[in-house]
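First up is the structure itself, then whatever we jot down about it.
What follows draws every value from the coordinates through simple rules; no lab data is involved. Note that the coordinates shown come from a computational prediction; the quantities given were computed from them, not determined experimentally. FYI the Cβ positions are ideal-geometry reconstructions off the backbone, even for glycines, and counts take in every protein chain you see.
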Amino acid sequence: MQIHTVKKGDSLWELSQRYDVPLEHIYAANSFTAQSPLVIGQAVIIPSPGDGLQHKVLVGESLWKIGQRYGVSIRQLVEANHLTNPALIMPGQLLTIPKAAKPIIEVNAYTEKLGSNGIELVNQIGDYLTYLSPFSYRVQMNGSLTPLDDSAIINAAYSKRVAPMMVITNFENGTFKPDIAHAVLSDSNYQSSLIANILNVMREKGYLAINVDFEYVPPADRELYNEFLQRLVDALHPYNLQVSTALAPKLSANQTGTLYEAHDYAAHGRIVDFVILMTYEWGWSGGPPRAVAPLNEVVKVLNFALSVIPSEKIVMGMPLYGYDWKLPYVQGGGWAPTVSPYEAVNRAAKYGATIRYDEESQSPYYHYYDEEGREHVVWYEDARSVQAKFDIVKAYKLRGVSYWVLGVNFPQNWFVLGENFTIKKLV
């Protein structure tokens, strides 16, 4: 796979000729149609012609150069072609290109779509998932759980060999409630009730893992939260059920703020099976315009996490969306609507924008003026930005990635994910 940045005068037909890749393969990799626009600065996936196929050696080519093109080593090429002298390859010679070995990772995706739309999404991208996390069972102050109509989507997950992961939250009326978390964490009887309810739901519905997403936990309840997680692990492990937590993106152990203080990275890393770092929402709907998951900021969180949590327990969060802000930005002046990467490119084409790429954050963005003459800026994700994140996953040898949230149209992500990794299946 290569990622081409569109320049003035490019066409899909010309790209297929330049890279010697059938046009329909480019269409498929990017989910293009005949009506799909090309925008200057847009990222276009060019799938590799080599997939156990053959390559005709060109004048001046070396095994190293050929290996770089297809992502395989010289040794793999030598073994696949039974070469006795790697330096002696001739123009016109046909070489078999072996499939490159891919790292194995786990992939989670949260979903709020539990009906027919959610089932259709699982059928479309289930091959790329280890876990599916319906969002969410809401914890009540007495340890009870609000019911969730999740049976159909759990069945869909199993049909694609995806392990359902139960999500519990202290979410109520559109926000995370510190008082709910405190009520449960400070009362051992409520905790016992909650753990019994969790176990009943998991065994009844067929959940194989749980994700505890308690946010804005009162800082004074930090140790109580850790103790609850240990109780939950002790209760679920005898049934071979995994426990994970969602953690706010911290830069240090003593970072202040209600979102951060009760999230004890070192304790979670020791107690639970894995953690999901919520490494997104730097750019958020109510805040100033910037990349949603700027890689330079994500790496800072990972560097701290890796100092206290084993890499094999760390799952890096990734967004499937962007935002469209009106300018000038005014705090409290309105919410930026969510935009899918697919729609972001179409919007850029509609308004004649040129897509830029910020090297520091490794994220695409562009400016445009709407019909009323109002300036906008759009930050989103594309094939380049997710490839940059996948490179970090490989370099840091992380357990995997977790997406928020299914239902946002980003077909390039799944192709790039599949080109980089083998997805672990637990079912």
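Summary of values
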read-out	value
Pair N189, V308: separation of 7 Å Cα→Cβ label points (nm)	3.4
H55, H263 arranged by Cβ crowding within 10 Å, fewest neighbours leading	H55, H263
Residues R399, R270, R203 arranged by fewest to most Cβ contacts within 10 Å	R203, R270, R399
Within-11-Å neighbourhood charge of A183 [Cβ basis; K, R +1; D, E -1]	-2
Exposure proxy ranking, count of Cβ atoms within 10 Å, fewest first, for D391, D221, D149	D149, D391, D221
Shape of region 146-263, Cα gyration tensor, a/c cut at 1.5	prolate
Residue among G41, P310, W64 farthest towards the positive dipole end of the chain, charges placed on Cβ	W64
As computed over region 231-295, the Cα convex hull volume per residue (Å³)	116
Cα centre as origin, Lys/Arg/Asp/Glu Cβ charges: the chain dipole, Debye	1100
Fraction of the pair-distance distribution of region 1-51 above 15 Å, Cα-Cα pairs, percent	37
Hydrodynamic radius of the chain per Kirkwood, over alpha carbon pairs, in Å	23.4
Neighbour net charge for M90 - beta-carbon separation under 14 angstrom, K R +1, D E -1	0
Whole-angstrom gap from region 316-367 to region 154-168, using each part's C-alpha centre	31
Ratio Rg/Rh, restricted to region 55-98 and using Cα atoms, in which Rh is the Kirkwood radius	0.89
More than 21 Å apart - percent of Cα-Cα pairs taken over region 1-130	58
